């Protein structure tokens, strides 16, 4: 992760995960909080799935981003669609809580999409990256030692 945007997105992923931990704790205790979980049991399982995905996101692995998008897209997409349907049907139960839940569900859907695009568009994530600090030595024939009959045959390079 060499870009500032990658660091900011990853930090925001961690902050949102911590926020969802607080939501799950207050939802399981029955306390009033800004929002309530859509389904408390799935919310707790989702927290552990995302906890496993966060190191993969830090290491810029595509599999972690896809699992993160699938889990959050399924969970928060369902909640977002339910709240949008309430607005479309013009129900009388619309409140500030409905709009707040929609806002945080929208963040829960957009954030994994940002992570996926950030990893896909990362130019430094390659199969065999080059490192200018060491490649001048290891990939340069000028610094190879020429052996004569008196030289020992030990391998002085680490590769």
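What follows is calculated from the coordinates using simple rules that are stated; it is not laboratory data. These numbers were taken from a predicted model, which means no experiment stands behind them.
Convert 37 °C to kelvin, take the viscosity as 0.692 mPa s, use the Kirkwood radius over C-alpha pairs of the range 4-129 as Rh, and evaluate the Stokes-Einstein diffusion coefficient in µm²/s, rounded to a whole number.
212
Test of understanding: what is the full-extension gain from residue 28 to residue 89, defined as 0.36 nm times their sequence separation minus their Cα-Cα distance?
Result: 19.0 nm gained on full extension.
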- Message: For the range 4-129, what does the relative contact order come out to in percent, with C-alpha contacts under 8 Å and a separation of six or more?
- Response: 27
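Write down the Å³ per residue value for the convex hull defined by the alpha carbon atoms of the range 1-74.
Spelled out: Cα convex hull of the range 1-74, divided by residues, is 82 Å³.
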